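Coordinate-derived values only; no laboratory data. Everything numeric here is computed off the predicted structure, so don't read it as measured data. Cβ placement follows ideal geometry from the backbone for every residue including glycine, while neighbour counts extend to all protein chains displayed.
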Amino acid sequence: MKLTKLTEHIYYMEHDPETDRPTLGYVKGEKGSFMMDAGNSAAHYNHFIEKLQENHLPTPRYLSITHAHWDHSFGLWATDAATIAGGKTNKELEKMMQWTWDEPSMTKRLETGEETSFSDTHIRKEYPHRSDIKVKTAQISFNGSMTIDLGDVTCILREIVSPHCRDSVVFIIPQDGVIFLGDSYCSVPQGDTWVYDKVLLMAYIDELERIDFRFAIKGHHPPQTKDEIIGELKAEWRKL
């Protein structure tokens with residue numbers, strides 16, 4: 001997957017649906033750089049670092065994740081950057097640190113609904129040897145919001161209501177008019193379909209409309225303008 005420059009300070013590596021690798025983002029500042037999401041494995045994280053090196057970009061000083069789902073957090077242990085997560089996300093990761101990855105345990109989580117069949121399928125693809133899975137909490141946690149100062153550019157980390165999960169965080173880079181959404185815009189899998197909660201979706205749309213941005217980087221789809229993503233989400237709401 002290639003590294004794309006979106007704005008003066010912001011780069012991203014597109015998602016790869018084969019093993020559910022989400023989009024990873026990067027903000028380059030005068031006083032360091034900030035990586036957005038950790039990837040679904042050390043291999044995913046390291047692939048991103050290789051792309052940075054190929055483009056003569058420094059390794060990230062800070063790394064934060066948008067939520068605890070495996071595809072965004074399982075690369076967290078592989079970084080030397082200072083790691084950051086919302087308080088709710090770190091609590092979810094603490095629970096997941098207790099999980100084991102043998103066949104009976106994975107089957108039980110499917111039966112109880114702790115895990116989805118979609119995630120289970122892609123975890124098996126990304127990890128032929130599930131002993132390679134390592135779950136780690138972030139070193140720094142916050143509640144509400146947090147700002148990272150990179151000198152000529154800032155990154156605002158902000159908890160947001162989301163139809164996808166209860167611990168969603170978005171990253172706002174005001175100087176470039178960009179928001180990194182992770183999966184906050186997504187529905188949730190129910191069997192073989194993906195479903196939105198109507199109330200949560202409208203609350204999410206209302207929050208997005210109040211945030212000033214030009215471009216949104218999405219976790220599993222190409223970037224969109226503000227008008228495009230708001231229009232798309234309102235169309236989904238009208239279907240409900």
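Brief remarks on what is shown
- Of the residues Gly144, Met106, Phe213, the one whose Cα sits farthest toward the positive end of the charge dipole of region 3-239, with +1 on the Cβ of Lys and Arg and -1 on the Cβ of Asp and Glu, is Gly144.
- Between Ile172, Ile229, Ile84, the residue with the greatest mean-square fluctuation in the GNM of the chain (Cα pairs under 10 Å linked by springs) is Ile229.
- Listed by Cβ neighbour count within 10 Å, with the fewest neighbours leading, Leu63, Leu201 appear as Leu201, Leu63.
- Estimated from helical segments only, the mean residue ellipticity of the chain at 222 nm is -9000 deg cm²/dmol, where each DSSP H run of four or more residues counts as -39500 (n - 2.57).
- Förster radius 25 Å - calculated FRET efficiency between Lys31 and His56, Cβ distance, rounded to 0.05: 0.90
- Given charges at beta-carbon only (K, R positive; D, E negative), |dipole| of the chain in Debye: 220 debye
- Exceeding the 32 Å Cα-Cα cut-off - candidates Lys51/Lys198; Lys51/Lys134; Lys95/Lys226; Lys5/Lys134; Lys108/Lys136: Lys51/Lys198; Lys95/Lys226
- Cut-off 12 Å between beta-carbons: net charge of the residues surrounding His67, Lys and Arg +1, Asp and Glu -1: -3
- Of the complete DSSP H runs in the chain, those spanning 15 angstrom or more by Cα along the long axis with a mean Kyte-Doolittle score not below 0.0 are 198-210.
- Projecting label points 7 angstrom from Cα along Cα→Cβ for Thr4 and Val199 puts them 3.6 nm apart.
- Modelled label reach - Gln190, point 7 Å along Cα→Cβ, region 99-122 residues with backbone N closer than 20 Å: 110-120
- GluC sites (Glu not before Pro) lying in DSSP loop within region 81-166, provided at most 16 other Cβ fall within 10 Å: Glu114
- Net +/- balance of residues flanking Met202 in space, Cβ distance below 12 Å, scoring K and R +1, D and E -1: -2
- A cut-off of 5 Å between modelled amide H atoms, ignoring neighbours fewer than 5 places along the same chain, links Gly182 with Gly219.
- Shown here are the Rg and Dmax of the Cα trace of region 3-239, at 17.0, 51 Å.
- Dipole orientation for region 26-72: of the candidates His67, Asn40, Tyr26, Tyr26 has the Cα lying most toward the positive pole (charges on Cβ; Lys, Arg +1; Asp, Glu -1).
- For Val153, the residues whose modelled amide H falls within less than 5 Å of its own, excluding neighbours fewer than 5 places apart on the same chain, are Glu30.
- Trypsin sites (Lys or Arg not before Pro) lying in DSSP loop within region 148-214, provided at most 15 other Cβ fall within 10 Å: Arg166, Arg214
- GNM on the chain, alpha-carbon springs under 10 angstrom: the most fluctuating residue among Tyr12, Tyr127, Tyr196 is Tyr127.
- Whole-Å semi-axes of region 118-230's equivalent ellipsoid (Cα gyration tensor): 26, 21, 14
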